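The values are calculated or read from the model by the stated rules, or taken from the named source; none is laboratory data. Just so it is clear, the model here is predicted, and its values are computed rather than measured. All Cβ positions, glycine included, derive from the backbone under ideal geometry; neighbour counts span all protein chains shown. For the accessible areas, the whole protein counts, side chains as well, though only heavy atoms, and no ligand, DNA or RNA atoms are used. Shrake-Rupley method; radii C 1.70, N 1.55, O 1.52, S 1.80 Å.
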Amino acid sequence: MLSQEQDSTPYYPEQGDTVREDAVFSLLPEGLEVHEARVLFVHAHPDDESTSTGATMGFLADSGAQVDLVTMTRGELGEVIPSELKHLEVGQQQCTDGGQALGEYRSGELREAIQSLGVHEHLFLGEGVSAGKDTPSVFYDSGMVWGANGRPEANPQASSGCLTKTSLDVQVQALMRVIKHYRPHVVVTYDAGGGYGHPDHVRTHEVSLEAVKNLEGTPDAPCLLWGLEGDYSSEDNRVQAVIEGSLVRKREAMAAHRTQVIITAEDSYQFSNLVTQKISARETYRLVWSASTVELSSSS
């Protein structure tokens, strides 16, 4: 029997592709008005907030919610699209700083993007209220490589200071300090698979889940933790939330990340690998954790 050749094309789940009949259409607990809500998004790199949850963030901000954002790394190992900025990319002959200049540049892109999304406050993990005696001031991008099956794999050259190689407990404690400061009703991150599977996305899910579980039963605990849905599975019986958000805000925010994103049409974009993806106003989530006494709202 001849073995089938694997498809090595980078794979990304299709956002909002399938909606369950029993889906809810809000991320908020029952009884909480959106204009009173505080929602904290936790993402791995600059651009993730825009490409993954930008429609939701824009919708919540437009509706009067306080939307805050924590970014775990500065994306130092991202591939760079514009030729005039290619010298910032790790692996290029002109790049001798391990991606620090790229991280600074991407931080500037992020500052522009979050204005389009209506973000109230933003910080990188390790700075501001998340800082601690034993907490690094910077968690570096772990990077990734594409496997022969088109799925992300760990970067064999990831540095010892990167997100996936530094202490999970230290990261959890840092995020707990953020949650105690902002007191969000809802925390939003990735599901366990990390969306499309980037190792830093998976770690971000792990940190977020442990942080909210550690705060359970305290006044600082959020009500709900949602994870951005990856591949849809009919066997996954967890609550699905569907947000029909702001396509305009999302597209504007994505366009700010010019080192990482090419807007190819009003409803499509590409990363540096030139795989075309849909810019979707519909973003879906799965309920990862909830406080025991919390009921879900059925509508936004």
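Couple of notes before you dig in:
- Every pair of residues 6+ apart whose Cβ atoms lie under 9 Å, when the first sits in the range 132-144 and is closer than 22 Å to Q157 by Cβ while the second is open to solvent by less than 10 Å² (accessible area, probe 1.4 Å) and modelled with pLDDT under 95: none
- Options I263, I243, I279: the member that is touching an Asp or Glu at 6+ places or on another chain (Cβ under 7 Å), free of Cβ contacts under 8 Å to residues at least 40 places away in the same chain and not acidic (D, E): I279
- The set of residues in the range 199-224 that are open to solvent by 10 Å² or more (accessible area, probe 1.4 Å) and over 21 Å from L32 (Cα atoms) comprises P199, V202, R203, H205, E206, L209, E210, K213, N214.
- Every pair of residues 6+ apart whose Cβ atoms lie under 7 Å, when the first sits in the range 166-187 and is touching a residue at least 24 places away in the same chain (Cβ under 8 Å) while the second is open to solvent by 30 Å² or more (accessible area, probe 1.4 Å) and acidic (D, E): L168/E206; V170/D134; V172/E210; I179/D220; K180/D220; R183/D220
- Pairs with Cβ under 9 Å, 6+ apart, first in the range 189-202 and in a helix (DSSP H, G or I), second open to solvent by 10 Å² or more (accessible area, probe 1.4 Å) and among the β-branched types (V, I, T): P199/T164; D200/T164; V202/T164
- Residues satisfying the stated conditions in the range 185-198, i.e. surrounded by fewer than 24 Cβ atoms within 10 Å (Cβ to Cβ) and hydroxyl-bearing (S, T, Y): Y196
- Any hit, the range 71-83, residues being touching a Gly at 6+ places or on another chain (Cβ under 6 Å), of a type outside the set (D, E, K, R), surrounded by fewer than 23 Cβ atoms within 10 Å (Cβ to Cβ) and at pLDDT 95 or above: no
- Residue match in the range 124-134 (condition: farther than 18 Å from T189 by Cβ and buried (at least 16 other Cβ atoms within 10 Å of the Cβ)): no
- Note on the range 278-300: residues that are at pLDDT 95 or above and either within 15 Å of G78 (Cβ to Cβ) or among the acidic types (D, E) (or both) total 1.
- Residues of the range 36-70 satisfying the condition of being open to solvent by less than 10 Å² (accessible area, probe 1.4 Å), more than 20 Å from F271 (Cα to Cα) and in a strand (DSSP E or B): V39, L40, F41, V42, V67, D68, L69, V70
- Top-ranked residue of the range 279-300 - restricted to ones that are part of a loop (DSSP other than H, G, I, E, B) and polar (S, T, N, Q), ranked as most open to solvent (accessible area, probe 1.4 Å): T293
- With a requirement of 3 or more residues that are modelled with pLDDT of 95 or more and under 21 Å from V42 (Cα atoms), the strands (runs of 3 or more DSSP E) lying completely within the range 95-173 that satisfy it span 121-124.
- Residues (more than 28 Å from R74 (Cβ to Cβ) and open to solvent by less than 10 Å² (accessible area, probe 1.4 Å)) located in the range 225-277: Q240, A241, V242
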